[in-house]
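*Asks:* Dumping the structure here so I can ask a few things about it.
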Amino acid sequence: MFQQMFQKTLRASLPAALFCLLMTAASLTTSAQSFVLDLPLQSQRAEISQRIGITDITISYHRPLVNNRKVWGALVPYGQVWRAGANENTTITFSDPVEIEGKPLDKGTYGLHMIPNADEWTIIFSKNSTSWGAFTYDQAEDALRVAAGDRRHEGPVDGQRQAARCG
């Protein structure tokens, strides 16, 4: 009698057990697929690389969108350290030692910060390249600071462009 009851229970629960086993196997084979739509950030990540002489220079940044806002002196205040981009810290990498405005800078990766002003900007190469933005900026970590004149672009640009000028 016990054996008959066991067989009857087994027959009744076998389809459910097989269904569970099949669903488990199916979920394991599709677990690598994501059903979440991975939308891009509004301020897109960008990278620009250029070889100048024998030195490779790479700037990694996020392109902040203007969206019809006043940027300089408003969204990015004059006289305050700015991370030179949006989202994560902007970085600049040199494959060899360089000279910027007549001042030496070792090869390596630097956090790129700026202090915008109406007539002149300060460009800062920070030894700290891993901070998130300029929130934890510390002047003691500066590798180099140089002054640069203000060169304005004619007309609006929606999406910042980083550029290097050699002369």
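The values are calculated or read from the model by the stated rules, or taken from the named source; none is laboratory data. Everything numeric here is computed off the predicted structure, so don't read it as measured data. Here the Cβ is made from the backbone with ideal geometry for all residues, glycine too, and neighbour counts use every protein chain on show.
*Asks:* Taking the stretch 131-148, which residues are polar (S, T, N, Q) and over 21 Å from E101 (Cβ atoms)? Spell out how you get there, then give the answer.
*Replies:* Looking only at the stretch 131-148, we keep the residues that are polar (S, T, N, Q), and these are 131, 136, 139.
Passing the criteria: S131, T136.
*Asks:* Sort out which residues of the stretch 52-103 are under 23 Å from E120 (Cα atoms), over 20 Å from the mean Cα position of the chain (by Cα) and not in a loop (DSSP other than H, G, I, E, B), and write them in order of number.
*Replies:* Scanning the stretch 52-103 gives W72, V98, E99, I100, K103.
*Asks:* Do the conditions hold for A140, that is, is it surrounded by fewer than 19 Cβ atoms within 10 Å (Cβ to Cβ), over 17 Å from the mean Cα position of the chain (by Cα) and not in a loop (DSSP other than H, G, I, E, B)? Full working, then the answer.
*Replies:* Numbers: surrounded by fewer than 19 Cβ atoms within 10 Å (Cβ to Cβ): yes; over 17 Å from the mean Cα position of the chain (by Cα): yes; not in a loop (DSSP other than H, G, I, E, B): yes.
Yes: the conditions hold for A140.
Listed here are the residues, each with its yes/no results for (1) closer than 17 Å to D142 by Cβ; (2) modelled with pLDDT under 85; (3) aromatic (F, W, Y); (4) exposed (fewer than 15 other Cβ atoms within 10 Å of the Cβ).
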{"position": "H62", "(1), (2), (3), (4)": "no, yes, no, no"}
{"position": "G85", "(1), (2), (3), (4)": "no, yes, no, no"}
{"position": "L105", "(1), (2), (3), (4)": "yes, no, no, no"}
{"position": "W121", "(1), (2), (3), (4)": "yes, no, yes, no"}
{"position": "F125", "(1), (2), (3), (4)": "yes, no, yes, no"}
